[in-house]
Amino acid sequence: MDKQSLMQRNNLIRAAVMGANDGILSVSGIILGVAGATSDTGTILLAGFAGMLAGTVSMAMGEYVSVSSQHDAQEKVRQIQTNALATNYDEEFSYVEDKYVADGISPHLAQQATKEMMSKDALTTTVRERYGFSLNHELSAGGAALASLISFPIGSILPMLAISTAPKDMREIATFISVIIALALTGYASAILNGSNKKRVALRNVVAGIFTMIATYAIGSLFR
């Protein structure tokens, strides 16, 4: 698998993991908030189902708009640099060379490296050095939207299953525990994809979930 396809695959996995995470967090907050206000299982599940539908559409469209906006910005940079190379190639060459020197490479090696990189792909080189991203490694907007469209409702199912199948006197605590475990797993998975500290990200995810569930349940309880 080449670098481009690997990056695109990882980005799709990222969108799916974040979609599932948001599904778990959002719907657990909704159903526990409603559970704080009423003990009627049908009402709780109806609220959860409504939240799942709204969140699924929102996440999918949000991913699509976000990635499309990123593509638009990158395309603008592509046009700017294409024009810059056509009208002032020497200045672009000097910029890259000076940047390599500033990074600690000797002037002779910096010039040689710049020649090599610019002769191979001047546009990709100058975009990377000026703007910090690589061309042609974009995530598909449709793919990101589809990943969220599938993963958000899958994540949403967990808290609804927990609250509907657990004994009535234990369903809130069963939902609370199952959501904490699920959020720890999605936090850990996102940390692996991002190269972040796994324990810290998982803990942060769990703390956000705990706060959300406690806050929504407490607010719902005010209307019981």
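For every residue, the table says whether it meets (1) closer than 25 Å to Tyr64 by Cα; (2) of a type in the set (D, E, K, R).
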position	(1), (2)
Ala102	no, no
His108	no, no
Gly143	yes, no
Ala147	yes, no
Asp169	no, yes
Gly187	yes, no
Asn197	no, no
Val207	no, no
Hey, Leu135 hits all of (1) outside any helix (DSSP H, G or I); (2) hydrophobic (A, V, I, L, M, F, W, C); (3) free of Cβ contacts under 8 Å to residues at least 60 places away in the same chain but one; which does it fall short on? (3)
Counting just the residues of region 192-220 that are closer than 19 Å to Ala15 by Cα, out of contact with any Leu (no Cβ under 8 Å at 6 or more places or on another chain) and touching a residue at least 40 places away in the same chain (Cβ under 8 Å), which one comes out most open to solvent (accessible area, probe 1.4 Å)? Asn194
For region 161-179, which residues satisfy the criterion of being of a type in the set (A, V, I, L, M), open to solvent by less than 90 Å² (accessible area, probe 1.4 Å) and either closer than 18 Å to Gly19 by Cα or not in a helix (DSSP H, G or I) (or both)? Ala166, Val179
Close pairs from region 52-67: first open to solvent by 70 Å² or more (accessible area, probe 1.4 Å), partner part of a helix (DSSP H, G or I), Cβ under 6 Å, at least 6 apart: Tyr64/Ala141; Tyr64/Ala145
Could you please tell me which pairs satisfy a Cβ distance under 6 Å, a separation of 6+ or placement on different chains, a first residue in region 76-91 that is over 14 Å from Tyr131 (Cβ atoms), and a second residue that is aromatic (Phe, Trp, Tyr) and part of a helix (DSSP H, G or I)? none
Restricting region 40-51 to residues that are of a type outside the set (Phe, Trp, Tyr) and open to solvent by 60 Å² or more (accessible area, probe 1.4 Å), which is modelled with the lowest pLDDT? Asp40
Which listed residue is over 30 Å from Glu92 (Cα atoms) and over 14 Å from the mean Cα position of the chain (by Cα), from Ala50, Ala60: Ala50
Could we say that Ala182 is surrounded by 15 or more Cβ atoms within 10 Å (Cβ to Cβ), touching a Leu at 6+ places or on another chain (Cβ under 6 Å), among the small types (Gly, Ala, Ser) and assigned to a helix (DSSP H, G or I) here? yes
Can you tell me which residue in region 57-79 is modelled with the lowest pLDDT, limited to those that are more than 15 Å from Asn11 (Cα to Cα) and among the hydroxyl-bearing types (Ser, Thr, Tyr)? Ser69
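The values are calculated or read from the model by the stated rules, or taken from the named source; none is laboratory data. Nothing here was measured: the structure is a model prediction, and the numbers come from that model. All Cβ positions, glycine included, derive from the backbone under ideal geometry; neighbour counts span all protein chains shown. Protein only, heavy atoms only, side chains kept; ligands, DNA and RNA dropped before computing areas. Shrake-Rupley method; radii C 1.70, N 1.55, O 1.52, S 1.80 Å.
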